[in-house]
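FYI, it's all coordinate maths here, none of it is from the lab. Only a predicted model underlies this, so the values are computations on that prediction, with no experimental measurement involved. With ideal geometry, Cβ positions are generated from the backbone for all residues, glycine too; neighbour counts draw on all protein chains shown.
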Amino acid sequence: MTATARPAPAHLDTFSHDHLPPREQWPELIFSLPELQYPERLNCCVELLDKMCEQGYADKIAIRTYTESWSYAKLLATVNRIAHVLCDEMQLVPGNRVLLRGANNPMMAACTLAVIKAGCVAVPTMPLLRAKELNVIVDKAEITAALCSASLREEMESVRQTSTVLQQLVYFNEVQPQAMESLMADKSAEFVAVDTLAEDVSLISFTSGTTGLPKGTMHFHRDLLAICDCFPRSILASNADDIFIGTPPLAFTFGLGGLLLFPLRVGATTVLLEKLTPELLLKAIADFSATVCFTAPTFYRQMAPLAHAYNLSSLQRTVSAGEALPVATRESWQQATGLVMIDGIGATEMLHIFISASGDSVRSGATGKAIPGYQACVLDEEGKVAAPGVVGRLAVKGPTGCRYLADPRQESYVYDGWNLTGDAYEMDVDGYFWYRARTDDMIISAGYNIAGPEVEEIVLKHPAVSECAVVGVADEERGQIVKAFIVLKAGEQANDALLKEIQTFVKNTIAPYKYPRAIEFIQALPRTETGKLQRYKLRDVKS
Ligand code: 3UK
């Protein structure tokens, strides 16, 4: 083989490789850190599991739930048995895409790792997706096989009945002759991982996509390790003694990284729990003596006033991501727990967090700086790097980046080697990035540009307010007006006096033209399964 030839890919089914965007549309990839120098061939599951067992973690607890404890050795043996089922019973070959459905539990984690170890491509999907949405994903990624938790059978069955693409389906988390648990029972606990390339696709993660068709983001074996070797090392400083806990689904890359890959990479323990509420997460932190927590800002905001009733003394580091962290939330969490929140922005396209800060480096109100391994800047309207203090489009690059599965939107996400996340940000002279809005969430009212989240920040500081979302709604005179949807704290009365009081409160704190001319009190804000506010739903509300 000559030095320039592409080494033999392990994928016999070349679908993923064939549907990568052309190389010139990829973002620039940079591997500046010593820990990001990976070999040409690499199966990330081997690095995360087999090697950890070899290095002395075999008897350590990898995954805990309220009813189960899986050592690294048990997780490895289970992954290997499932991998045999994929190859022997289901006759899958490297490169085949496998749909994965399940809440956060040990078998969902094991199935995901097994798919990757067998050289197939994992396509995890949010538990709440319905058949219609699943069919779009099955068709787009040409998925012939699915592994599904028995608790999600109903929607899965309707996909099976309607899909002409999906051919095989195996359920797990049940006692049935055809269930994964039975099929794997007599399989060997040893499995030689498929010798994939570092640049073979291991994961296709579909964006939650508030508008339009979901986009499949393709990530290599190398990418899954690269995210473990960036944020967790430099910002989180995680280690084998950590006990990870949190809410994001394993089907969301925030959860896959934070609650599975990061803990395995350092020999730590992860606590996997289904259906968490703020109360249940607080209780679980105490019950499992968790040290690291991952969840969305709204969860921290709801946990803060309840925290005093729980023993949270084990908790050391808490990570907030998914949407902007309001200063009021950072402060109430810090008051309740003494912990300085680690805010971090990540994206499905980038796989995980790329701007963040922890400890003494935190600047309240800013997301943080580009983390080691990544570069970030703000681009102005002409696409040039903007000076500090200018609001523009956030641009980022690093070892991971956007590669959509056969999607023309690749060309708008990647510009001049940079990934454009769709966020409006401002960078200060010290390199801290200050979130302003999603670029499509800017409100233009009577010629003024107003960032909804800036108004939310202030409204949230009012003592009667529990949650708030600010959007622009159409207005004949001003084009748009600022409208606040407000969820009040328990016991507060929605009335005109309070409405006026909140308006005055905002006018007295920021430029008066930004105050919400319209306010609507509602019971709950519309959110995605990952805790993201669905502002578009509020914009559509007719009142
Ligand atoms: C927004 C934030 C301000 C921002 C994600 C951590 O959220 C994740 O991925 P998604 O693809 O959404 C990406 C978009 O969400 N966002 C996320 N975090 C922050 N905005 N401050 C933040 N801290 O608009 C971004 O473009 O769902 C988060 C890890 C992995 C992820 N996939």
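The table below gives the values:
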item: Region 137-218: antiparallel DSSP beta bridges as a percent of all, rounded to 5; result: 40
item: Fewest-first sequence of Glu154, Glu142 by Cβ atoms within 10 Å of each Cβ; result: Glu154, Glu142
item: Extension reserve of the Arg363-Ile30 stretch, reckoned as 0.36 nm per residue once the Cα distance is removed; result: 117.2 nm
item: Point-to-point label distance, Ile510-Tyr536, nm (Cα→Cβ direction, 7 Å offset); result: 2.4
item: Theoretical FRET efficiency, 1/(1+(r/R0)^6), r = Cβ-Cβ of Ala387 and Asn449, R0 25 Å, to 0.05; result: 0.90
item: When the convex hull of its Cα atoms is projected in every direction, mean area for the chain (nm²); result: 25.9
item: Nearest 10 degrees, 0 to 90: helix 131-140 Cα axis against the chain principal axis; result: 60
item: DSSP beta bridge pairing in the chain, given as percent antiparallel to the nearest 5; result: 60
item: Helical contribution to [θ] at 222 nm, DSSP H n ≥ 4, -39,500 (n - 2.57), averaged over the chain, rounded to 500; result: -6500 deg cm²/dmol
item: Distance in nm between pseudo-label sites at Thr14 and Met442 (7 Å out along the Cβ direction from Cα); result: 4.4
item: Cα centroid separation, region 51-104 to region 301-350 (Å); result: 31
item: Amide hydrogen neighbours beyond the local backbone of Phe172, cut-off 5 Å, H modeled; result: Cys148, Ser149, Ala150, Met180
item: Cα gyration tensor shape for region 334-431, rounded if a/c is under 1.5, else prolate or oblate; result: oblate
item: Per-residue Cβ neighbour rank within 10 angstrom, fewest leading, Lys132, Lys514, Lys117; result: Lys132, Lys514, Lys117
item: Region 446-539: antiparallel DSSP beta bridges as a percent of all, rounded to 5; result: 75
item: Stokes-Einstein D (µm²/s) once Rh is taken as the Kirkwood radius of region 446-539 over alpha-carbon pairs, at 4 °C in 1.567 mPa s; result: 96
item: Cross-link table Lys369/Lys500; Lys51/Lys397; Lys60/Lys532; Lys132/Lys397, entries beyond 32 Å C-alpha to C-alpha; result: Lys369/Lys500; Lys60/Lys532; Lys132/Lys397
item: Per-residue Cβ neighbour rank within 10 angstrom, fewest leading, Val79, Val192; result: Val192, Val79
item: Protection proxy ranking, peptides 300-308, 379-387, average beta carbon neighbours within 10 Å, highest first; result: 300-308, 379-387
item: Degrees separating the helix 153-162 axis from the principal Cα axis of the chain, which is the longest one; result: 70
item: Whole-number D in µm²/s for region 194-266 (Stokes-Einstein; Kirkwood sum over Cα pairs; 10 °C, 1.306 mPa s); result: 118
